[in-house]
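Visitor: Before anything else, here's the structure in question.
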Amino acid sequence: MPSTPQQARVLLALGGVAIVLGGLVAAVTGPFGWTKGSWAAAFLVLVVGVAQYAMGWMRTDVADDRSGWVQVAGWNLGGALVVLGTLVATPLLVDLGSLLLVVALAHALRADLRPRPAAAAHPRAMVVGYRLLLLVMLVSIPIGITLSHLRN
């Protein structure tokens with residue numbers, strides 16, 4: 001993908017790594033009796049992995065800019081803090097990580113709303129699905145924060 005922007009390649013690669021990592025977490029959850037392992041595996045696969053991979057895919061025709069790096073850093077650091085905060089029962093870390101996820105989502109939406117070359121435009125159904133994914137992520141963040149505080 002020589003013409004793919006660097007941020008898109010990083011989002012795609014880290015999304016793939018998170019999916020594999022989530023699978024590995026799922027594999028060791030039972031044998032190690034890790035009570036929050038199932039949640040951690042699902043979060044890594046679905047939120048950190050699949051959503052990030054989708055963000056990378058939709059950014060393949062967006063020019064490189066600092067906003068893309070904010071998105072990459074915010075999504076990955078935010079996801080890591082949410083996982084860590086959940087595992088060590090520290091809702092403040094979950095709050096901070098969630099804030100970073102919201103920042104990354106804002107940058108993802110901003111990039112998605114930029115004009116694209118007609119030849120590079122994604123199919124309408126893909127764009128709608130992607131925007132729905134961003135909305136689901138945005139709506140689920142306050143729910144996750146609330147659950148984190150209620151459990152701790």
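The values are calculated or read from the model by the stated rules, or taken from the named source; none is laboratory data. All of these numbers come straight from a predicted model, not from anything done at the bench. Don't worry about glycine lacking a Cβ; one is built from the backbone with ideal geometry, like all the others, and counts go over all protein chains shown.
Visitor: Quick check on my filter: what residues within the stretch 1-29 are at pLDDT below 95, of a type in the set (Val, Ile, Thr) and under 22 Å from residue 67 (Cβ atoms)?
Guide: Scanning the stretch 1-29 gives a single hit, 4.
Visitor: Further question: Scanning for something under 13 Å from the mean Cα position of the chain (by Cα) and of a type outside the set (A, V, I, L, M, F, W, C), does the stretch 91-99 turn up at least one residue? Don't jump to the end; show me each part of the working.
Guide: Of the stretch 91-99, the ones under 13 Å from the mean Cα position of the chain (by Cα) are 97-99.
After this cut, where a residue has to be of a type outside the set (A, V, I, L, M, F, W, C) as well, the list is 97-98.
For the stretch 91-99, residues under 13 Å from the mean Cα position of the chain (by Cα) and of a type outside the set (A, V, I, L, M, F, W, C): present.
Visitor: Would you please name the residue that is nearest to residue 50 (Cα to Cα), looking only at residues in the stretch 105-125 that are more than 18 Å from the chain's Cα centre (by Cα) and among the charged types (D, E, K, R)?
Guide: So, considering only residues that are more than 18 Å from the chain's Cα centre (by Cα) and among the charged types (D, E, K, R), the one nearest to residue 50 (Cα to Cα) is 124.
Visitor: Kindly state which helices (runs of 4 or more DSSP H) lie completely within the stretch 1-101 and contain at least 1 residues that are touching an Asp or Glu at 6+ places or on another chain (Cβ under 9 Å). Walk me through it before giving the result.
Guide: Details: elements: 6-32, 37-42, 52-58, 66-87.
Answer list for the stretch 1-101: 6-32, 52-58, 66-87.
Visitor: Tally up the residues in the stretch 1-58 that are small (Gly, Ala, Ser), surrounded by 14 or more Cβ atoms within 10 Å (Cβ to Cβ), in contact with a Ser or Thr (Cβ under 6 Å, 6 or more places away or on another chain) and more than 25 Å from residue 123 (Cβ to Cβ), please.
Guide: Residues in the stretch 1-58 being small (Gly, Ala, Ser), surrounded by 14 or more Cβ atoms within 10 Å (Cβ to Cβ), in contact with a Ser or Thr (Cβ under 6 Å, 6 or more places away or on another chain) and more than 25 Å from residue 123 (Cβ to Cβ): 1 in total.
Visitor: Moving to a separate point now. Which residue, of 102, 82, 128, 139, is without any contact (Cβ under 8 Å) to a residue 12 or more places away in the chain, closer than 18 Å to residue 48 by Cβ and either hydrophobic (A, V, I, L, M, F, W, C) or surrounded by 15 or more Cβ atoms within 10 Å (Cβ to Cβ) (or both)? First the steps, then the outcome.
Guide: Working: 102 fails: without any contact (Cβ under 8 Å) to a residue 12 or more places away in the chain; 82 fails: without any contact (Cβ under 8 Å) to a residue 12 or more places away in the chain; 128 fails: closer than 18 Å to residue 48 by Cβ.
The conditions single out 139.
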